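Input: a single structure, listed below in structure tokens.
The values are calculated or read from the model by the stated rules, or taken from the named source; none is laboratory data. These numbers were taken from a predicted model, which means no experiment stands behind them. Using ideal geometry, Cβ is built from the backbone for each residue, glycine included, and neighbour counts are taken over all protein chains shown. When the accessible area is computed, the model is the full protein with side chains, heavy atoms only, and any ligands, DNA or RNA have been set aside. Shrake-Rupley method; radii C 1.70, N 1.55, O 1.52, S 1.80 Å.
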Amino acid sequence: MKKKDHIIATCTDYTHDTLGIVHHDGIAVFVKNLIVGEEAEIEIIKVLKNYCVGRIVRLIKTSPEREEPICPVYKQCGGCSLMHMSQEGQQAFKTNRVKETLHKIGHCDAPVNDCLMDLPPYHYRNKVQVPFGMNKGRLVSGFYKARTNEIIDHDFCMIQNEFSNTVTKRVKELFERYSITPYDKEKKQGMIKHVLTRYGTHTDEGMLVFITYTKKIPHLKNIVRILVEEFPQIKTVIQNINTRHDNVILGDQEIILYGDGVIHDTLLGNTYTISLKSFYQINPRQVEVLYAKAIAYAHFQKEDIVIDAYCGIGTIALSLASQVKEVYGVEVVPQAIEDAKKNALANGITNAYFTCDDAGDYMVKCAKEGKHIDVVMVDPPRKGCSELFLSQLVTLSPDRIVYISCNVSTQARDVDILQQHGYQVEEVTPVDMFPQTNHIESVALMTKK
């Protein structure tokens, strides 16, 4: 095949990031927004060594799972990838992806339940960071076009919360009024890089953060005054200064312009203090579904001793503390551990203990001490668990492991390792923490054979 060739083919499968797969003359062609079962005329737009990339010219046969995206910039923006697919279609894709990944990488064929969906699947993100730029002399803000640095100018996103939408739009108007210039990556000059918002869904508390290249921003005090008057939900405003020239969003220096630098939210009956850099799950509706499933999988007993690895600000540990004798949280980020300790104190929880340490090193210490552990809750970053952590987890030999993951590929890799050391997967449940995208959260129960 050559570039600009046209073929007619039927979609038979998906890539991990939801590109449709068709085959022509023995060659795989990946096609954006094509659904399994659909037949289409496809133009080849890129030819690579082992596969091609195509685009839909026209649909010949349409899937019953196809829906018209309600976002006007869906085809350009890289924020969502599944809005052209019904909820039933998205559920099938996410469920099958977990099953297939566990089978191929984890060599595991344990029961996988249907993905627990989030309805309605909109306005769920409680943390949003919006880049600002300039296009043809106009200030623009929105998300990037897929695989580019081009900002798709758009003031209303269907997956971010309404507080973030309205506040960010108003910030943009004020920047235009006061001639606040965006940072230019090529010229390495300008003032504003991103506007970040965090929102406590259950408390109606909002955080507003100006991520700036320069420390001095003209009229900033006046801008803050106007915003705080117009939006009583704003409880704190922060300036974060980032002078780097790479893709890292947050800098090290923070200036609190209003409030005390934190907001609060509730989760499964506990209240949490959230700072700018605190890790807190971005979908407040589904995180309760996820944690409830994880806790149910653990089958806690009153005398159980539990480790919550990669504990963040303590949300899992504090959610389960009332059901067990003791829970020990470990996290490598110092600020997160400070937040976890404060959250335990604020909620009157006295049987949860938090340590700032690498999770693997912490497990080594527990193993050396011969510590008895009944259950280990694991919720690692996307890269999964370290080899050190897994080896010491096996040494500690808890009866049950509940593994929560935002990356089923690394979860499957770690599952395979644990299976080789005497554990088996009893059951897995995917949870749709990220509606309209190809991302999935997955929780697995593992027990000793």
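Among 379, 265, 109, the largest mean-square fluctuation in a Gaussian network model of the chain (Cα springs under 10 Å) belongs to 109. Each DSSP beta bridge with both residues in the chain is either parallel or antiparallel, and the antiparallel ones are about 65%. For region 1-78, the relative contact order works out to 27 percent when only alpha carbon pairs closer than 8 Å and six or more residues apart are counted.
Overall, the accessible surface of region 46-174 at a probe of 1.4 angstrom is composed of carbon and sulfur to the extent of 50 percent.
Of the options [x] 4, 19, 26, 25, 19, 7, 1; [y] 5, 22, 32, 25, 12, 3, 0; [z] 4, 13, 13, 10, 8, 7, 5, 6, 6, 7, 8, 7, 4, 1, 0, 0, only one is P(r) over Cα pairs in 10 Å bins from 0, in percent as computed from these coordinates, and that is [x]. Of all DSSP-defined beta bridges confined to region 261-333, some 55% are antiparallel rather than parallel. Between residue 397 and residue 49, the contour length at 0.36 nm per residue exceeds the alpha carbon distance by 120.7 nm. Placing pseudo-labels 7 Å out from each Cα toward the beta carbon at residue 243 and residue 56 gives an inter-label distance of 4.9 nm. Looking at region 145-276 only, what percent of DSSP beta bridges run antiparallel? Nearest 5 please. Of those bridges, close to 70 percent are antiparallel. Segment residue 416..residue 252, full-extension length gain: 55.2 nm, with 0.36 nm per residue of separation and the alpha-carbon distance subtracted. Estimated at 0.36 nm per residue, the fully extended path between residue 335 and residue 148 surpasses their Cα-Cα distance by 64.0 nm. Phi angles of region 433-449 translate, via the Karplus equation with coefficients 6.51, -1.76, 1.60 and θ = phi - 60°, into HN-Hα couplings of 7, 10, x, 6, 10, 7, 7, 9, 9, 9, 10, 10, 9, 10, 10, 6, 5 Hz per residue; Gly and Pro are given as x.
Simple spin-label estimate for residue 231 and residue 23 gives 5.1 nm between the two label positions (7 Å along the Cα-to-Cβ direction from each Cα). Summed over the residues of region 21-79 and divided among them, the accessible surface reaches 58 Å² per residue at a probe radius of 1.4 Å. For residue 259, the residues whose amide H sits under 5 Å from its own are 237, ignoring neighbours fewer than 5 places away on the same chain, with H placed 1.01 Å from N. Which part of region 153-168 falls in the paramagnetic zone of residue 185, meaning amide N under 16 Å from the point 7 Å along Cα-to-beta-carbon? Of the residues in region 153-168, 153 have backbone N under 16 Å from the label point off residue 185.
Over the chain, DSSP H runs of length four or greater, each weighted -39,500 (n - 2.57), average out per residue to a 222 nm ellipticity of -7500 deg cm²/dmol. Express the carbon and sulfur contribution to the solvent-accessible surface of region 231-355 as a percent, rounded to the nearest whole number, probe 1.4 angstrom. For region 231-355, the apolar C and S fraction of the accessible surface comes to 54 percent. Region 180-232 and region 5-53 have Cα centres spaced 42 Å apart. Based on C-alpha pairs under 8 angstrom that are at least 6 apart in sequence, the chain has a relative contact order of 13 percent.
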